[in-house]
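Undergrad: One structure coming up, written as structure tokens, with questions to follow.
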Amino acid sequence: MKGQIGIVGAGYVGLPLAHVFAEGGNKVLLFEVSPEKVELVKRGESYIRDVESADLKRHVDGGLIDITTDYDALTDVEAILIALQTPLSPQREPDLSIVLGAVEDIAPRLQRGQLVVLESTTYPGTTRERLLPILEQGGLKAGEDFHLAFSPERVDPGREDWTTKNTPKIVGGITPACTERAVELYSRAIDTVHPVSSPEAAELTKLLENIFRSVNIALVNELAQLCDRMGIDVWEVVGAAATKPFGFMSFQPGPGLGGHCMPIDPFYLTWKAREYDFYTEFIELAGKVNENMPWWCLGKIARALNAEEKALKGSKVKILGVAYKADIDDTRESPSLKLIELLQGEGADVSYHDPYVGELPERGLASTPLDPAGVDCIVIVTAHSGIDYDEVVRQAPLVVDLRNATGSNGTGNGKVWKL
């Protein structure tokens, strides 16, 4: 069966994936519950920075990309790729309700010969233990009547050197036939497809990638706290260590983890590990270090203001950058959100400036002009490249730089406090 490729979820993963398949000449039908997103796609207006509106409109007008809210249209596609959120519950446990709800809708519409692939990050065993029983309820058998696989998304929003198209795609099927079918599909659009032996191996691969980063960032975050006490510039130390051409990989400290993966993925594995009477203490310790960084940064800001004989309460504090990383508009799990909450809780008069994020409704704020001279303290949380940090340092009475954005201009400068 060859025809349209169905993608459930038209967000940060689904829309770029649709674009890549369309670029390869494949017809794509997006399934999205948000009427606003449906209307935007139908007009060819992209709400994802990694997909240009001109490209989206070209594919929509050319009949390669369509979008619907009607799950009945699933019966007409050759493959169903699930790209939905897998957040954590308030208790920091996996919440698969969005994905499983979609699978419940897919199951009664599943057709012989169709391929179903889960792209959403999750714990090992999800595809086999949670999706497979639901999809086989109608009597069809995976590996014989339909195919089922896991292929983790590897989206890094805003990145231009490694994109959905040229980042190798990991694929693991329930059976060898399932893997072969998924490899064939992705090979139509993606440069390199790497098959593994099972969906569990593919699921754990994605977790390992982000746990690796989380653990190493926790190491330098802890080192940053020690360097603060010892009076050593952690940025100088990390930069010097990075000159070694072997045996060292550079990671940067910061105010905490952000994005759709690193703050969440490690907890999926630690939760699953407990099923096997195993405790991932190393991973959980890294999570504790990283989650504590906004509180530590709050103390740094308070100390900086105290040195100027000002209390945190009542001080005008401007956060510079609220996206979770530079030069994007994505605020998911951004450490700035927690830091703003903590500052407001201490009575600070908080505002923010971010050229990419116009509003933060969850904090009741909107971006305001930078105006470094009009506040008591500038806190650099996200180092967007379009900001003149030399000018910020020149105008601001006090700068707390959590990203080393001020560079050498901030080193030894009495009014710049670095992480």
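Undergrad: Looking at the calculated P(r) for region 287-394, what percent of the C-alpha pair distances fall above 21 Å?
TA: Details: 1811 of 5778 pairs.
Taking all Cα-Cα pairs of region 287-394, the fraction more than 21 Å apart is 31 percent.
Undergrad: So, R0 is 22 Å and r is the distance between the beta-carbons of Gln91 and Asp277; what FRET efficiency does that work out to, to 0.05?
TA: 0.65
Undergrad: Related question: Taking just the alpha carbons, could you work out the radius of gyration and Dmax for region 71-176, both in angstroms?
TA: Taking only Cα atoms of region 71-176, I get Rg and Dmax of 14.5, 44 Å.
Undergrad: Assuming 1.567 mPa s and 4 °C, estimate D for the chain with Stokes-Einstein, Rh taken as the Kirkwood radius over Cα pairs, in µm²/s.
TA: 56 µm²/s
Undergrad: Scan around Ile319 for amide H atoms under 5 Å from its own, H built in the peptide plane at 1.01 Å from N, and keep only partners 5 or more places away or cross-chain.
TA: Under 5 Å from the amide H of Ile319: Ser351, Tyr352, His353, Val379.
Undergrad: Short version: what are the Cα gyration tensor semi-axes of region 191-329, square root of 5 times each eigenvalue, largest first, in whole Å?
TA: Values for region 191-329, descending: 33, 19, 16 Å.
Undergrad: Provide Rg over Rh for region 1-109; use the alpha carbon set for both Rg and the Kirkwood Rh (inverse mean inverse pair distance).
TA: The Rg/Rh ratio comes out at 0.99.
Undergrad: Please sort by residue number the chymotrypsin sites (Phe, Trp or Tyr not before Pro) in region 1-45 whose DSSP state is loop and whose Cβ has at most 16 other Cβ atoms within 10 Å.
TA: The qualifying sites: there are none.
Undergrad: Also, I was wondering about something else. Packing-wise, with mean Cβ within 10 Å as the measure, how do 129-135, 5-11 rank, highest first? Let's see the in-between values first.
TA: Numbers: 129-135: 17.6, 5-11: 24.6.
Ranked by mean Cβ neighbours within 10 Å, highest first: 5-11, 129-135.
Undergrad: Further, regarding this structure: Strictly greater than 22 Å: what percent of every Cα pair in region 115-223 meets that?
TA: Summing the P(r) tail past 22 Å for region 115-223 gives 36 percent.
Undergrad: Also, I was wondering about something else. Measure off 7 Å from each Cα along the Cα-to-Cβ vector at Ile98 and Ala366, then give the distance between these two points in nanometres to one decimal.
TA: With each label placed 7 Å out from Cα toward Cβ, I get 2.7 nm.
Undergrad: In Å², and per residue, what accessible area does region 334-408 have when probed at 1.4 Å with the other protein chains present?
TA: 39 Å²
Undergrad: Further question: Taking a probe of 1.4 angstrom, what is the accessible area of Met230 in Å², to the nearest 10?
TA: Surface accessible to solvent at Met230 totals approximately 120 Å².
Undergrad: Now for a different question. Can you list residues from other chains, or at least 5 along the same chain, whose modelled amide H is less than 5 Å from the amide H of His384?
TA: Asp327
Undergrad: Can you give me the Cα centroid spacing of region 273-345 and region 238-268 in angstrom?
TA: Between the Cα centres of region 273-345 and region 238-268 lies a distance of 16 Å.
Undergrad: Can you pull the accessible area of Thr86 for me, 1.4 Å probe, Å² to the nearest 10?
TA: Looks like 20 Å² after rounding.
Undergrad: Let me ask something else about it. Which listed residue (Phe248, Ile283, Ala326) has the Cα farthest towards the positive end of the charge dipole for the chain, taking +1 on Lys and Arg C-beta and -1 on Asp and Glu C-beta about the Cα centre?
TA: Phe248
Undergrad: Tell me, what ³J(HN,Hα) does each residue in region 70-80 have, in order and in whole Hz, if you take phi through Karplus 6.51 cos²θ - 1.76 cosθ + 1.60 with θ = phi - 60° and put x for Gly and Pro?
TA: 8, 5, 5, 5, 4, 5, 9, 9, 8, 9, 10
Undergrad: Give the residue list of GluC sites (Glu not before Pro) in region 5-79 that are DSSP loop and have at most 13 other beta-carbon atoms within 10 angstrom.
TA: In loop regions of region 5-79 (DSSP not H, G, I, E or B), the sparsely surrounded GluC sites (Glu not before Pro) are Glu45, Glu52.
Undergrad: Which chymotrypsin sites (Phe, Trp or Tyr not before Pro) in region 183-283 pass both tests, a DSSP loop state and at most 14 other beta-carbon atoms within 10 Å?
TA: Answer in residue order: Phe246, Phe248, Phe278, Tyr279.
Undergrad: What is the dipole size for region 1-89, taken about its Cα centre, with +1 at each Lys and Arg Cβ and -1 at each Asp and Glu Cβ, in debye to the nearest 20? List each step's numbers first, then the result.
TA: Numbers: 8 positive and 14 negative charges, 28 e Å.
Dipole of region 1-89, to the nearest 20 debye: 140 debye.
Undergrad: Hey, another quick one. Along Cα→Cβ, 7 Å out, is where each label goes; now give me the distance between the ones at Lys288 and Glu160 in nm to one decimal.
TA: Distance between the two pseudo-spin positions: 4.2 nm.
The values are calculated or read from the model by the stated rules, or taken from the named source; none is laboratory data. Every value quoted in this text rests on a predicted model; they were computed, and no experiment measured them. Backbone-built Cβ (ideal geometry, glycine too); neighbour counts: all protein chains shown. What goes into the accessible areas is simple: the full protein's heavy atoms, side chains included, and nothing from ligands, DNA or RNA. Shrake-Rupley method; radii C 1.70, N 1.55, O 1.52, S 1.80 Å.
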